[in-house]
Amino acid sequence: MSSGWLASALCLLLISGDGRRGPPPPPRITRVLVKKSARTMDLYGGDMLIQTYSVAVGGGGAGPKLRDGDLVTPTGHYKVIKHLPSHLRIFMRIDYPNAEDRARFARLKASGELPKEAAIGGDIGIHGAPPDQNPFVKATYLSHGCVVVENSEIDVIARMVADGTQVDIVD
C-alpha cells in the first residue's frame, strides 16, 4: 500500500469524527415556512435554508382560517405540537387554533360575520398523502386545510422537525 492511500484514509477518519459509519444525522430544523400561494414549504436550520418542498394546501384560498369546514390552510405563527401515526402516514399536528385565531374567531362571531353555531375547527397539521389519492398529485390536490407532502417526504421531514418547532404560514 502506498503512503498516499494511508494519508487519505486517516484524513477521512479525522473528518468523520469518531469513525462510526452510516449516514449523518439529519439537520435540526428550527423553523418551517409555508407559502400558500407558492405551494412551498421551506425548512430552516437557524438562518440557513436546508430544504424546500412543494406542498398541497387547503382549497379555501388565501387569508386566515376563519372556521371549521372553510377548507382554508390557516395563516399565522404556530408550533408543531405532536407527531402522530396516521392513515396519512405521519401527522405533525400544529397548535391551530392559537390565541390570535381564537380572538379573531370571537370577534367575527360577535360581529355576526360568522353564524352563532360556527366552530373554530382544529386538527391542522403537516402530513403525508391521503390513501385515496393514488397517484397523489400535489400540484392539483386541495386539502381540507392541512399542508400535504408525499409519503416519502413526510418520513424525512418528520425526522428533521421536532415537536416545538416554529411553523409560519403565510399567503
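Okay, here's what the table says:
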read-out: Verdict on Asp42 being of a type in the set (Asp, Glu) and part of a strand (DSSP E or B); value: yes
read-out: Residue in region 32-45 that is among the aliphatic types (A, V, I, L, M), under 11 Å from the mean Cα position of the chain (by Cα) and surrounded by fewer than 19 Cβ atoms within 10 Å (Cβ to Cβ) present; value: yes
read-out: Any hit, region 128-139, residues being in contact (Cβ under 8 Å) with a residue 24 or more places away in the chain, surrounded by fewer than 18 Cβ atoms within 10 Å (Cβ to Cβ) and more than 28 Å from Pro27 (Cα to Cα); value: yes
read-out: Identity of the residue in region 57-83, small (Gly, Ala, Ser) and in contact with a Leu (Cβ under 7 Å, 6 or more places away or on another chain), that ends up nearest to Leu114 (Cα to Cα); value: Gly60
read-out: Matching entry among Asp101, Asp168, Asp155 (being acidic (Asp, Glu), more than 15 Å from Arg67 (Cα to Cα) and in a helix (DSSP H, G or I)); value: Asp155
read-out: Cβ-Cβ under 7 Å pairs, at least 6 apart or on other chains, region 152-170 side closer than 14 Å to Gly76 by Cα, far side modelled with pLDDT of 95 or more and small (Gly, Ala, Ser); value: Ile169/Gly76
read-out: Cβ pairs under 6 Å, 6+ apart, first in region 31-44 and closer than 14 Å to Gly164 by Cα, second at pLDDT below 95; value: none
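Residue-by-condition table, conditions (1) free of Cβ contacts under 8 Å to residues at least 24 places away in the same chain; (2) of a type outside the set (S, T, N, Q); (3) surrounded by fewer than 16 Cβ atoms within 10 Å (Cβ to Cβ):
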{"residue": "Pro25", "(1), (2), (3)": "yes, yes, yes"}
{"residue": "Val55", "(1), (2), (3)": "no, yes, no"}
{"residue": "Asp70", "(1), (2), (3)": "no, yes, no"}
{"residue": "Thr75", "(1), (2), (3)": "no, no, no"}
{"residue": "Pro85", "(1), (2), (3)": "yes, yes, yes"}
{"residue": "Tyr96", "(1), (2), (3)": "no, yes, no"}
{"residue": "Glu100", "(1), (2), (3)": "no, yes, yes"}
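The values are calculated or read from the model by the stated rules, or taken from the named source; none is laboratory data. Everything numeric here is computed off the predicted structure, so don't read it as measured data. Glycine also receives a Cβ, built like all others from the backbone with ideal geometry; neighbour counts cover every protein chain displayed.
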